[in-house]
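Some notes on the structure that comes next.
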Ligand code: G3P
């Protein structure tokens with residue numbers, strides 16, 4: 001499983017988000033790999049209409065229809081075509097009570113959740129919440145061009161995989177090549193979450209193909 005988090009990178013926003021989404025679709029079609037993307041709320045509907053690959057939101061708020069200004073409504077994320085959402089990403093941290101309320105809303109509307117954790121302690125504390133996936137991302141390696149979670153924290157990946165269980169751990173932060181993917185999978189991760197390697201790449205399609213090779 002490879003999921004690219006588009007964040008708010010210029011190369012992954014608006015029309016560029018649709019173009020980059022189509023690049024991911026092409027590689028998914030070529031390889032048969034699970035390749036997903038996580039896009040900004042405003043891009044969600046247009047991207048879901050442009051591609052068939054799984055599209056994830058970057059965040060939802062624990063609200064329902066009504067007088068809520070400036071929030072992300074779970075029902076609309078679902079209606080837009082998203083399969084699920086990230087939650088508690090290091091760049092969008094939430095209180096525990098908000099996480100629990102958001103998980104409840106996601107389940108009510110049929111959205112899967114990738115619950116992000118910054119360290120092994122958070123991974124352990126999130127298991128009881130039973131999200132669909134837990135994404136372990138050490139913040140210090142996010143955006144790094146040198147060290148990745150696979151090269152910098154292999155022992156934590158192994159520990160987290162045991163805590164989370166088979167097929168439920170995703171890892172990210174500094175993932176940039178097939179070796180990072182291969183190592184993460186060998187250590188027990190089910191997939192990887194990445195951003196800057198793809199959004200900064202001269203040739204994102206070539207890089208995606210390289211990353212997919214690491215899955216096998
Ligand atoms: O959600 C994934 C992201 O935080 C990882 O960022 O740029 O290190 O791949 P990056």
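Largest GNM mean-square fluctuation among 169, 20, 129, using the chain with Cα springs under 10 Å: 129.
Peptide packing: for 32-42, 133-143, the average count of neighbouring Cβ atoms within 10 Å per residue gives the ranking 133-143, 32-42, highest mean first.
Using 0.36 nm per residue of separation minus the Cα-Cα distance, give me the extension gain between residue 104 and residue 129 in nm, one decimal. Please report the intermediate quantities before stating the final value.
Values: separation 25, 0.36 × 25 = 9.00 nm, distance 0.98 nm.
Full-extension gain reported as 8.0 nm.
A protection proxy built from the mean count of other Cβ atoms within 10 Å ranks the segments 175-181, 201-207, 154-160, 66-72, most packed first, as 175-181, 154-160, 201-207, 66-72. In a fully extended conformation the segment linking residue 119 and residue 90 would gain 9.4 nm over its present Cα-Cα distance, using 0.36 nm per residue.
Determine which residues of region 1-42 fall in the zone a paramagnetic label at residue 49 would reach in this model, i.e. backbone nitrogen under 14 Å from the point 7 Å along Cα→Cβ. Hits in region 1-42 for residue 49 at 14 Å: 15, 18, 42. Taking the simple approach of a point 7 Å from Cα along Cα-to-Cβ for both residue 186 and residue 42, what is their distance in nm? Between residue 186 and residue 42, the simple spin-label model gives 4.3 nm. Extending 7 Å from the Cα toward the beta-carbon at both residue 216 and residue 97 defines two label points whose distance is 5.1 nm. For the chain, adding -39500 (n - 2.57) for each run of n ≥ 4 DSSP H residues and dividing by the number of residues yields -12000 deg cm²/dmol at 222 nm. Per the Debye calculation on region 83-150 with a single equal scatterer at every Cα and no solvent contribution, log₁₀ I(q)/I(0) for q = 0.20, 0.24, 0.26 Å⁻¹ amounts to -0.78, -1.04, -1.17. Placing one identical point scatterer on every Cα of the chain and ignoring solvent, what is log10 I(q)/I(0) from the Debye formula at q = 0.10, 0.12 Å⁻¹? Normalising to I(0) and taking log10 leaves -0.39, -0.57.
Here the simple spin-label model places points 7 Å from the Cα toward Cβ, and for residue 10 and residue 112 these points are separated by 3.3 nm.
Sorting 145-152, 85-92 by average packing, meaning the other beta carbons within 10 Å per residue, from highest down gives 85-92, 145-152. Relative to its residue count, region 105-216 spans a Cα convex hull of 107 Å³ per residue. In region 108-216, Cα pairs under 8 Å separated by at least six residues give a relative contact order of 23 percent. Region 189-203 and region 62-95 have their alpha-carbon centroids 23 Å apart. Placing a label point 7 Å from the Cα of residue 177 along the Cα-to-Cβ direction, the residues of region 121-144 whose backbone N falls under 16 Å of that point are 144.
For the chain, a Gaussian network of Cα nodes joined below 10 Å ranks 21, 101, 173 by mean-square fluctuation, and the top entry is 101.
Read-outs throughout are calculated quantities, based only on the coordinates presented, and are distinct from any laboratory measurement. If you're wondering where the values come from, they're calculated on a predicted model, not measured in any experiment. Cβ coordinates were reconstructed from backbone atoms using ideal geometry, including for glycine residues, and neighbour counts include every protein chain displayed.
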